[in-house]
1. May I ask you to verify whether Thr212 is part of a helix (DSSP H, G or I), of a type in the set (S, T, N, Q) and surrounded by fewer than 22 Cβ atoms within 10 Å (Cβ to Cβ)?
2. Would a scan of region 224-236 turn up a residue that is in a helix (DSSP H, G or I) and in contact with a Cys (Cβ under 8 Å, 6 or more places away or on another chain)?
3. In region 232-265, which residues are at pLDDT 95 or above and among the aromatic types (Phe, Trp, Tyr)?
4. Taking region 182-209 only, how many residues are at pLDDT 95 or above, among the hydroxyl-bearing types (Ser, Thr, Tyr) and surrounded by fewer than 18 Cβ atoms within 10 Å (Cβ to Cβ)?
5. Got at least one residue in region 69-83 being assigned to a helix (DSSP H, G or I), within 19 Å of Gln111 (Cβ to Cβ) and in contact with a His (Cβ under 6 Å, 6 or more places away or on another chain)?
6. Restricting to region 146-195, what's the tally of residues that are assigned to a loop (DSSP other than H, G, I, E, B) and either β-branched (Val, Ile, Thr) or farther than 27 Å from Phe208 by Cα (or both)?
7. Could you count how many residues in region 31-50 are open to solvent by less than 50 Å² (accessible area, probe 1.4 Å) and either out of contact with any Lys or Arg (no Cβ under 9 Å at 6 or more places or on another chain) or in a loop (DSSP other than H, G, I, E, B) (or both)?
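The values are calculated or read from the model by the stated rules, or taken from the named source; none is laboratory data. Nothing here was measured: the structure is a model prediction, and the numbers come from that model. Heads up, the Cβs are rebuilt from the backbone with ideal geometry, glycines too, and the neighbour counts pull from every protein chain shown. What goes into the accessible areas is simple: the full protein's heavy atoms, side chains included, and nothing from ligands, DNA or RNA. Shrake-Rupley method; radii C 1.70, N 1.55, O 1.52, S 1.80 Å.
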Amino acid sequence: MYILEEIVAHKRAEMEEWKHFLPERKLYGLVEQQMQADDGQVPGGSMAAALLASGTGIIAEFKRKSPSKGWIRQEAKPEWVASDYQNNGAAAISILTDNHYFGGYDEHVRQARMSGVTIPILYKNFIVDEYQLFQARYCGASAVLLIAAVLTKDECRSLSSLAHELGMEILLEMHSERDLEYAELEPDMYGINNRHLGTFTTDVDVSFRLVTQLPVDACKVSESGIGSAETVARLRKASFNGFLMGEYLMKSENPGVELKHLITSLKNL
């Protein structure tokens, strides 16, 4: 778990720098003004509802870089990739906002919204501080990712409660049987990440192994290592509602077109 520990340590230090740059009181005040202006309604609406209502459930991810593979598509712009995802059938969009390890920025969410994206956007980062929830709300996210492996259950409960107060939903990410005790927190979406957080290798069988231990009627999301319509179809049959796909789409010449081809293939199965 060394890579994960390194990322989390860096994230905590980064948060202290952010708080010095934009003090908590100022950020919280900006978010309060924003919530008053939009009547408390987050852009994009409910991500869980969008996945449950979707015929495909694809969560298309904007991901420029990864710790294990380096740059995937450094020149990619969120305004054209995210809008292409929406136009080609994505049920929701995930945007990585960690800069140091993934080449992302909060501005990428804002730029996606400014380009006309109206579907739910997942703010994907290593959230360890409530400050990040206000960052997510301020830039236009509909939901945030919480990772069981980096939070205590009490921390996760507290962050979930605050996210809901800010109008956002929670995708709670679990990686192993050990994380399943967090399922009792009843998040809006239960995520199973097929990526090992120590080696960053992927194994979709993790989703098939753990899904039977999640609530039957819950909104369930399989994340990482999904690279074909056939795999999506198998996961859907196993009761998953959402399918987060990043590298598979981003490494293609045109991520939006690749998504369109995938959805067409999925509908033809």
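1. Considered against the rule, which asks whether it is part of a helix (DSSP H, G or I), of a type in the set (S, T, N, Q) and surrounded by fewer than 22 Cβ atoms within 10 Å (Cβ to Cβ), Thr212 comes out as yes.
2. Residues of region 224-236 in a helix (DSSP H, G or I): 229-236.
Applying the additional criterion that residues be in contact with a Cys (Cβ under 8 Å, 6 or more places away or on another chain) yields none.
The answer is no; no qualifying residue exists.
3. Phe240, Phe243
4. Within region 182-209, residues that are at pLDDT 95 or above, among the hydroxyl-bearing types (Ser, Thr, Tyr) and surrounded by fewer than 18 Cβ atoms within 10 Å (Cβ to Cβ) number 0.
5. Kept after step one, since they are assigned to a helix (DSSP H, G or I), are these residues of region 69-83: 78-83.
Right, trim to within 19 Å of Gln111 (Cβ to Cβ) and you get 78-83.
Narrowing further to those that are in contact with a His (Cβ under 6 Å, 6 or more places away or on another chain): 78.
Looking through region 69-83, at least one residue is assigned to a helix (DSSP H, G or I), within 19 Å of Gln111 (Cβ to Cβ) and in contact with a His (Cβ under 6 Å, 6 or more places away or on another chain).
6. To start, the set of residues in region 146-195 that are assigned to a loop (DSSP other than H, G, I, E, B) comprises 151-152, 166-168, 175-176, 186-188, 194.
Checking which are either β-branched (Val, Ile, Thr) or farther than 27 Å from Phe208 by Cα (or both) leaves us with 152, 166-168.
Total satisfying the criteria: 4.
7. Let us first name the residues in region 31-50 that are open to solvent by less than 50 Å² (accessible area, probe 1.4 Å), namely 31, 34-35, 38, 40, 42-48, 50.
Next cut, either out of contact with any Lys or Arg (no Cβ under 9 Å at 6 or more places or on another chain) or in a loop (DSSP other than H, G, I, E, B) (or both) only: 38, 40, 42-48, 50.
The qualifying residues number 10.
Okay, residues lined up against (1) touching a Gly at 6+ places or on another chain (Cβ under 6 Å); (2) more than 12 Å from Ile119 (Cα to Cα); (3) touching a residue at least 40 places away in the same chain (Cβ under 8 Å):
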site: Glu32; (1), (2), (3): no, yes, no
site: Pro43; (1), (2), (3): yes, no, yes
site: Gly55; (1), (2), (3): no, yes, yes
site: Ile59; (1), (2), (3): yes, no, yes
site: Ala82; (1), (2), (3): no, no, no
site: Ala92; (1), (2), (3): no, no, yes
